[in-house]
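Before any comments, here is the structure.
The values are calculated or read from the model by the stated rules, or taken from the named source; none is laboratory data. Since this is a predicted model, take the numbers as computed values, not measurements. Heads up, the Cβs are rebuilt from the backbone with ideal geometry, glycines too, and the neighbour counts pull from every protein chain shown.
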Amino acid sequence: MNRLARSLASRACAVSRGERVLRGVIAVFLAAFAASNLENLWCAIPAGICATFLAIGAITGWCPTDLLTRSAATTEPNVLGYPEARRELLG
């Protein structure tokens, strides 16, 4: 498995087909709720954004919480030249 496939597989959080279908159904209901509340923009805009993220997650398997994850910080080699534990040892 190459690096691109591993990175895409690690970012997918909807593992089963049923979970993705459930996200799609919830996205449809949330979009309908947002459309029915267009006179209250403070309610319609966040509901529309959430419906969009849920629809994207249902179609692609991508998880919106991946936006909040931190990437591993690169570390400099220590004085003796031994690799640090946080760095990938086998490429």
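Worth pointing out:
- One residue from 17, 87, 70 being at pLDDT below 90 and surrounded by 11 or more Cβ atoms within 10 Å (Cβ to Cβ): 87
- Failed condition for residue 9, given (1) modelled with pLDDT under 90; (2) surrounded by 11 or more Cβ atoms within 10 Å (Cβ to Cβ): (2)
- Only one of the listed residues (55, 32) is at pLDDT 95 or above and touching a helix residue (DSSP H, G or I) at 6+ places or on another chain (Cβ under 9 Å). That residue is 32.
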